[in-house]
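Written out below as structure tokens is the structure these notes cover.
The values are calculated or read from the model by the stated rules, or taken from the named source; none is laboratory data. Because the structure is a prediction, the values reported are computed rather than measured. Here the Cβ positions follow ideal geometry from the backbone for every residue, glycine too, while neighbour counts run over all protein chains shown.
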Amino acid sequence: MTHSSRLARFALISAAALSAACSQMGTMHSMGSKAVADMAPTQGNTTAGSVMFHQHGGQVMVMVRLSGLKPNAEHGFHIHEKGDCASGDGMGTGGHFNPTGKPHGPQSGDHHAGDMPALKADANGKVHTRFAMAGISLGAGAGADVLGRGLIVHVGPDDYTTQPTGNSGARIACGVITLQ
């Protein structure tokens, strides 16, 4: 075997090994559970879109894409106890998801597992945002597992002090968090 043949063979083997390693890293990166909530408007409202969830280590990454919101307004956003949007007003989802009995509040302090950051609509009534949440999981089976839970967008801002709801008003969109 000539020197150039050996170099070509070495390069081919190295490329194959590198490709396999990158493929394995991609598989390991995507091993976390993924879920989605298809958001539909409640009666008399227009808010709709989707919310994606991806388990990433000890956090859940959340990506929100909604339209039909009041332009330039802030909206309360919560995971609720039950995955039931059949009532037409979102009330079938029950109260905020709160497996640890914490008070309602912002992410920076004690809060329900279902308390999420507020959504701020742009001038066209759309929200495209991403954030990470600690204290919840996808498919862990117990405790703070949010699969099968309801997801609600409220008409008004969350004051993060009124117990147990945040006083954010009517439920304008409802979805159920389901494994993807």
In this structure, does His75 turn out to be under 16 Å from the mean Cα position of the chain (by Cα), of a type outside the set (Phe, Trp, Tyr) and modelled with pLDDT of 95 or more? yes
Expected output for the range 48-64 (first residue on the phi > 0 side of the Ramachandran plot, partner among the small types (Gly, Ala, Ser) and assigned to a strand (DSSP E or B), Cβ below 6 Å, 6+ apart or cross-chain) is Gly49/Ser67
If I filter the range 163-173 for residues that are out of contact with any Asp or Glu (no Cβ under 7 Å at 6 or more places or on another chain) and of a type in the set (D, E, K, R), do I get at least one hit? no
Within the range 86-113, tally of residues that are within 23 Å of Thr46 (Cα to Cα) and crowded, with 21+ Cβ neighbours inside 10 Å: 3
What's the number of the condition Gly88 fails, among (1) under 21 Å from Asp158 (Cα atoms); (2) in contact (Cβ under 8 Å) with a residue 40 or more places away in the chain; (3) not aromatic (Phe, Trp, Tyr)? (1)
The residue that is nearest to the chain's Cα centre (by Cα), considering only those in the range 113-166 that are of a type in the set (D, E, K, R) and farther than 24 Å from Thr100 by Cβ, is Arg130
If we scan the range 138-151, do we find a residue that is exposed (fewer than 14 other Cβ atoms within 10 Å of the Cβ), in a loop (DSSP other than H, G, I, E, B), at negative phi and touching a residue at least 12 places away in the same chain (Cβ under 8 Å)? no
How many residues does the range 155-169 hold that are of a type outside the set (S, T, N, Q), in contact with a Ser or Thr (Cβ under 9 Å, 6 or more places away or on another chain) and surrounded by fewer than 16 Cβ atoms within 10 Å (Cβ to Cβ)? 1
For the range 73-89: of the residues being of a type outside the set (A, V, I, L, M, F, W, C) and assigned to a strand (DSSP E or B), which is farthest from Leu151 (Cα to Cα)? Glu74
Gly83 vs (1) at pLDDT below 95; (2) surrounded by 15 or more Cβ atoms within 10 Å (Cβ to Cβ): all pass except (1)
Does any residue of the range 102-117 turn out to be modelled with pLDDT of 90 or more, in the same structural domain as Thr165 (by TED's automatic domain parsing) and not aromatic (Phe, Trp, Tyr)? yes
